[in-house]
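So the structure is just underneath, and the comments pick up after that.
Every read-out reported here was derived from the displayed coordinates using simple, explicitly stated rules and does not represent laboratory data. What you see is a predicted model; the values in this text were computed from it and never measured. FYI the Cβ positions are ideal-geometry reconstructions off the backbone, even for glycines, and counts take in every protein chain you see.
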Amino acid sequence: MTQAEIKLCSLMLQEHFGEIVEKIGVHLIRTGSQPLRVIVHDTGTSLDQVKKALCVLIQHNLVIYQVHKRGVVEYEAHCSRVLRMLRYPRYIYTTKALYGDTGELIVEELLLNGKMTMSAVVKKVADRLTETVEDGKTMDYAEVSNTFMQLADTRFVQRCPMVHAPENSDTQPPPPAPNLVINEKDMYLVPKLSLIGKGKRRRSSDEDAAGEPAAKRPKHPTDNKEPIPDDGIYWQANLDRFHQHFRDQTIVSAVANRMDQTSSEIVRAMLRMSEVTTSSDAPFTQPLSSNEIFRSLPVGYNISKQVLDQYLTLLADDPLEFVGKSGDSGGGMYVINFCKALASLATATLESVIQERFGSRCARIFRLVLQKKHLEQKQVEDFAMIPAKEAKDMLYKMLSENFISLQEIPKTPDHAPSRTFYLYTVNVLSAARMLLHRCYKSVTNLIERRQFETKENKRLLEKSQRVEAIIASVQATGAEEAQLQEIEEMITAPERQQLETLKRNVNKLDASEIQVDETIFLLESYIESTMKRQ
Amino acid sequence: MAGNKGRGRAAYTFNIEAVGFSKGEKLPDVALKPPPLFPDTDYKPVPLKTGESEDYMLALKQELRETMKRKPYFIEKPEEKPDIERYSKKYMQTYKEEWIPDWRRLPREMMPRKKCRKADLKSKNAKGTDKVSSLIDTADVLKKIEELEKRGDGEKSDEEYEEKEGSKEKRKEGDDNEDDNDDAQQEDYEDEEELEEENDYINLYFEDEDDFGADSDDNMDEATY
């Protein structure tokens, strides 16, 4: 964990769970796994607070526990999982695009609460949706649970590890911590709630007849007593699946940019075919024959088999190697090479960063070194066709910023500079790591700036909130227009202007956070896939 | 090349011209201070992406941040007293929904076990003894039974009745060994509780809601986050 990551984790935890949780979380990230008593001692926080904080962190899947010998339970924080909180808006938005408002709310609830039972999610989402639709209409539980089942089928949500109850527990004292096991088979298996769902629907439709919306229904006392049908089966958002989806989308749009819309549709069809058959961390998709691809192209996409084959050959010949040819059977077998694709995307990101930070001539040198692998200084000057002095200046600038690295090859064992080759090269992996680190720093800075802006204008914000509250309450009682205007004038014109500026700045900072995270995602995926291959 | 050695720029063991300095040119000064906090950039940053999806995600992000603060998972620091107590503060308080973690999924040490239990018992005892002292006359016991029956809370009233009977008997034995009595009572309670359900922690540690009356608010803090 680098300092930048820890700092970012600290800010994320503080914004989402408050300072106490932040203190415990950061302590765990810094020190690794620790037992409860040590955490209490080292952080100087009261036992109760530490327990609460740990419960919150475990609930949100940010901390896991493990029983060590002699029954000591140790807690360990997942730093990378904490950083994922930055991406929550994107997960939610993606589900909205794929599964509409219902899917959006399901994932939002799961992310907000860490883990929930399906019945709780369905109930909450149905209530929330009922609030938004017009009076008299309600949202059926069945409809929500249908969407939930779709999400489980496409693996966007998954079960949390289950508590494995030890048998004949009467004789032995219960273990200090429950044993959580993952059952691969059941990961995406939705509990049979159909019966219960019907029951619930019937009840809500009964109430429909009575003209009472479900959201306003007072809690029946019987609700508490009736056993929860899926008690103990908790669900969480499957972030890896989301990442797989993001990756696929990026590849499709990259192909569309490089070639054309049709080829991107072909790639999209290939990705969709292998979505379920290929695990999210595989370097290639399963080989797909051109016949299969032809059959699974979206209906109404009128291209002949011949044109498809031409496109596939073209894609396979492309130097970026997004698509590779793996055999000739079945009219040609094709795979999508995720490793290569991610590497190309990461390299493109590096290039564009250099272009925007150092200018196009630097980018030219960078691309040159990237292409030729190793170059001597003199060669760089010649090939780039840039005056020697400027070329040197640019090269050194990129070297000092660690985008380009220098390899020494001594001709004699004494490493004398005059008898040594100095070769400039680009190590894409380490440059990507460095850039990722910078991205973390940027997000940290953005959040800190946003908090500073908000803090500076705290008084003003509170005032505007108060005024808004007053207006709302006065409006509810049905006041006159003049009265409302009078209240509105409690905020003076310069204050209003200041508020506007603040809002604009905060919006800009927030938007930047989301967009830096896109780069973070790309670089992380690239680094992860490359590390796995090695 | 050879001229560089021995005289003048002897500090360098390599040909200085190769790095881009012509002969006799002044070398840049050694940097002795850290680089500026906000350095000038040669190139202006490109504008952010804008569009419908970006706007929606922005709204989602800001909403998410606000919602998180209102969730029970957001643990606030115990507030120090403000200098001026504001009238408006009263109305700005938001009441968070309660959250009872699923204890089956958490290590046992996470449970606010002892304290909660003791406090719980204490309040229960207090309740019990209060009632007992007010109902010292045996005639009143009948009344009480009727009352309990009216409440219709079958199971529970039976229990309470038994408890009361038990405690009364012990009371008769004498006041001097009241401590022992309390202990015995506690044991009684525990037995009963364990009979109810062996492994349902929630029931075990968070008894019926009735018990969380006005007098046991502090217990609530312990139990729910």
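For this structure, a couple of remarks:
- Here each label is just a point 7 Å from Cα along the line to Cβ, and for A:Ala97 and A:Arg361 those points are 3.9 nm apart.
- Within the range A:435-534, the GluC sites (Glu not before Pro) that combine a DSSP coil assignment with at most 12 other C-beta atoms in a 10 angstrom radius are A:Glu480, A:Glu489.
- In Hz, Karplus ³J(HN,Hα) per residue of the range A:406-419 (6.51, -1.76, 1.60; θ = phi - 60°; x = Gly, Pro): 10, 10, 8, 10, x, 7, 10, x, 7, 6, 5, x, 6, 10
- Once backbone amide H atoms are built at 1.01 Å from N, A:Ala177 has B:Arg108 as its partners under 5 Å, excluding neighbours fewer than 5 places away on the same chain.
- In order along the range B:55-61, the phi-based Karplus estimate (6.51 cos²θ - 1.76 cosθ + 1.60, θ = phi - 60°) of 3J(HN,Hα) comes to 4, 5, 5, 4, 4, 4, 4 Hz; Gly and Pro are listed as x.
- Placing +1 on the Cβ of every Lys and Arg and -1 on the Cβ of every Asp and Glu, with nothing else charged, gives the range A:239-336 a dipole about its Cα centre of roughly 200 debye.
- Long-range HN-HN contacts of A:Ser326 with modeled amide H, under 5 Å: A:Met333, A:Tyr334, A:Val335
- Under 5 Å from the amide H of A:Val73 lie the amide H atoms of A:Leu36, A:His68, each residue being 5 or more positions distant or on a separate chain, with H modelled from the backbone and absent for Pro and chain starts.
- Computed from Cα positions, the angle between helix A:458-476 and the longest principal axis of chain A comes to roughly 40 degrees.
- Cross-link table A:Lys392/A:Lys441; A:Lys51/B:Lys69; A:Lys325/A:Lys532, entries beyond 25 Å C-alpha to C-alpha: A:Lys392/A:Lys441
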